[in-house]
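See below for the structure under consideration.
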Amino acid sequence: SFSMLAKIAKADGGVVDSEITSVRRFMAQDLKLNAQSMRAAEMIFQTALNSQQSFEDFAVQFYQQFHDQQQLMEMMVDILIRVSVADGQLNDIEERLISSAVRVFNISADMYQKIRLRYIQDSDQYYAILGCDRKDSDEHIKQQYRKLVRDFHPDTIASKGLPEEFIKFANDKSREIQGAYETIKKERHL
């Protein structure tokens, strides 16, 4: 695991202090390693930085060792993302490496998105919720928002005589639409 962290930290050129701090925090807080284990883990990390083995090689080794522990696989993806965004962004190279680990670990796309959204707010998803695109005008986004609010308003659903499950769905959907619109409003300073 520390070998994969080394490769992901180095993927965007060099390893920065914030990435090292993120790895150390993972060792201490998530794994609860003692001082001796932390030193050993840091040695593995440092060795892997200059290793000829690829990130995917390390991912396969990790999977072979822990394939029966799905929670550990998911935790590894979580820390890979955390280390990747420690320098302020997730670049394309890091994203490709993490995606390869997700494939190797047999993690579903839905689970990956859930983990990813803990650290990366992808505003495009909010536009998609409203059925809009980032390039759309403010006015179009407002119109689409208003239409969806009307369509999914619980009273609208209730007036159609639909079962209770649909009203619950409409309430959930209304909250999702409202949250998406609020995020876009902040982003666009509306």
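The values are calculated or read from the model by the stated rules, or taken from the named source; none is laboratory data. Note that the coordinates shown come from a computational prediction; the quantities given were computed from them, not determined experimentally. All Cβ positions, glycine included, derive from the backbone under ideal geometry; neighbour counts span all protein chains shown. Only protein heavy atoms, including side chains, enter the accessible area calculation; ligands, DNA and RNA are left aside. Shrake-Rupley method; radii C 1.70, N 1.55, O 1.52, S 1.80 Å.
Please identify every one of the trypsin sites (Lys or Arg not before Pro) in the range 106-185 that sits in a loop by DSSP and has no more than 13 other beta carbons within 10 Å of its own beta carbon.
Listed in order of number, the matching sites are ARG118, ARG134, LYS135, LYS160.
All C-alpha pair distances within the chain, sorted into 5 Å bins from zero, spread as 1, 7, 14, 15, 14, 11, 9, 9, 8, 7, 4, 2, 1, 0 percent across the bins. Of interest is the spacing of the C-alpha centroids, which for the range 28-84 and the range 96-164 amounts to 32 Å. Computed over protein heavy atoms with a 1.4 Å probe, the carbon and sulfur contribution to the accessible area of the chain reaches 50%.
Is the C-alpha gyration tensor of the range 21-106 telling us rounded, prolate or oblate? Criteria: a/c under 1.5 is rounded; beyond that, a/b larger than b/c is prolate, otherwise oblate. Taking the square roots of the gyration eigenvalues as a ≥ b ≥ c, the range 21-106 is rounded. If you model the range 83-153 as an ellipsoid using its alpha carbon gyration tensor, with each semi-axis the square root of five times an eigenvalue, the axes come out at 31, 15, 10 Å, biggest first.
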